[in-house]
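Okay, so here's the structure we're looking at.
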Amino acid sequence: MGFASDWLEKRAVFPEFINEAPHANTGIIVIVPAYNELGIEVMLDSLLLCDKPQCEVDVIIVVNAPSDACAEIISNNEDCVKNIEGWKKRNHDCFFRLFSFNIQKPDFRDWGVGLARKTGMDEAVRRFNQIGRPDGVIVNLDADCLVAKNYFVSINNELLINSQRSACSIYFEHQKGNDDRLDEFITWYELHLRFFLQGIKFAGFPFAFHTVGSSIAVKAISYIKAGGMNRRQAGEDFYFIQKLVPAGGYFALNTTVVYPSARVSSRVPFGTGATISRLNAEKSPELLSYNVQAFIDLHYLFSSIESFFTSDDHEIESGYSRLPDGLRSFIDIDDWKEKIAELKGNTSGLQSFRKRFFGWFNMFKIVKYLNLVHQNTFNKVNITKSAGELLKVLGSNFQSDDPEKLLTFYRALEKNS
């Protein structure tokens, strides 16, 4: 019995799709959900241009459609499969093995990108299980992405062969096209993502990573320990990463690049495509982001953790009264006293107290806090202004009101960190 046999029997949704046995040296398997994708050859061409890593590589494309998909989408999916097979014949000597399967109108009401990713990732686990590779890497990519030439080599060198690492968020930069308006919108949106990341890093949150579905890689054994991918129709990447990061060994892989598309999309209610679509529909578009003060208040909270650990009951209550207004509107005083007492009662030292504290005030709680305080305490701010204000707080001398220049600077902050 392999390392994942029991898990697959209990948790995999579908039986085995691929009959061809994996190569004994398979170390990386890329999973690509494809829904209504007619130009998937562009992504495959990008993978073909990559340098071959030391291990063998599989690419698995999960062509899928929800139960209510229209006839046009079903037809496009069938054409997508034909395009994949045609590409495969034309590139029969490529260094990776390419597989695809078409799941048309399955009997699942919750079918969407989460279940599509899970289907492919479970199949990857099944293949690694056959060759006894619990350290095999499962990589998520999207059908409209491009990748840098060293994509596979970096994943091999930084994740696969490093036993101390379990999973990662891969550095990304959104593609630009021929539409100046859409290019401006994706600049705003990517700047917002990077501003948010730097904001929670400044606040002192120890698990600050991007949660972009097309830029996640995880070892098979870590995937199993996290319970596998969820079936969410949107936000599946965010929820999955929140299970991976606290387990340890998670890192930012910044030596290669994934280039996601910036296309308009209504496939999911939020995220890149939905944001670009909303901005494109507005007459006077503006992307509002978080108020920097919300991160400053979080910084106050997180930098006070040691004092919470050493405080008695009276000091805990008085410490609550000194919290910024937004945090006090988010956390009730009775909940505060009960939670801090509970954390102290279950820890013997500051380090374990900190770990439990961030197990409570995790990324889910941070997002809920930000949503609430921007309803009752702060006004949201234009992303260009917010990004500039945060740089001042970080002590940077760089200032600009040009979102493109700000984005370039924020990208450098990440790549050099």
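The values are calculated or read from the model by the stated rules, or taken from the named source; none is laboratory data. Source: prediction; values computed, not measured. Cβ atoms come from the backbone with ideal geometry, glycine included; neighbour counts cover every protein chain shown. To get the accessible areas, we keep the full protein, side chains included, count just its heavy atoms, and leave off ligands, DNA and RNA. Shrake-Rupley method; radii C 1.70, N 1.55, O 1.52, S 1.80 Å.
Observations on the structure shown:
The rows are residues; the columns are (1) in a strand (DSSP E or B); (2) touching a residue at least 24 places away in the same chain (Cβ under 8 Å); (3) of a type in the set (A, V, I, L, M).
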{"residue": "38", "(1), (2), (3)": "no, yes, yes"}
{"residue": "47", "(1), (2), (3)": "no, yes, yes"}
{"residue": "87", "(1), (2), (3)": "no, yes, no"}
{"residue": "101", "(1), (2), (3)": "yes, yes, no"}
{"residue": "118", "(1), (2), (3)": "no, yes, no"}
{"residue": "129", "(1), (2), (3)": "no, yes, no"}
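- Residue match in segment 225-239 (condition: out of contact with any Phe, Trp or Tyr (no Cβ under 8 Å at 6 or more places or on another chain), open to solvent by less than 20 Å² (accessible area, probe 1.4 Å) and aliphatic (A, V, I, L, M)): no
- Restricting 142, 107 to residues that are in a loop (DSSP other than H, G, I, E, B), modelled with pLDDT of 95 or more and not β-branched (Val, Ile, Thr) narrows the list to 142.
- Per-region count, segment 294-325, residues open to solvent by less than 70 Å² (accessible area, probe 1.4 Å) and over 24 Å from the mean Cα position of the chain (by Cα): 15
Residue-by-condition table, conditions (1) modelled with pLDDT of 95 or more; (2) of a type in the set (Asp, Glu); (3) farther than 28 Å from residue 49 by Cα; (4) touching a Gly at 6+ places or on another chain (Cβ under 7 Å):
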| position | (1), (2), (3), (4) |
| --- | --- |
| 103 | no, no, yes, no |
| 160 | yes, no, no, yes |
| 165 | yes, no, no, yes |
| 178 | no, no, no, no |
| 185 | no, no, yes, no |
| 199 | yes, no, yes, no |
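- Criterion violated by residue 412 - all others in (1) within 23 Å of residue 251 (Cα to Cα); (2) open to solvent by less than 50 Å² (accessible area, probe 1.4 Å); (3) in a loop (DSSP other than H, G, I, E, B) satisfied: (3)
- Candidate set: segment 1-36, residues that are touching a residue at least 12 places away in the same chain (Cβ under 8 Å) and part of a helix (DSSP H, G or I); chosen: the one surrounded by the most Cβ atoms within 10 Å (Cβ to Cβ): 7
- Single residue of segment 141-172 satisfying the filter (charged (D, E, K, R) and surrounded by 16 or more Cβ atoms within 10 Å (Cβ to Cβ)) that is farthest from residue 417 (Cα to Cα): 144
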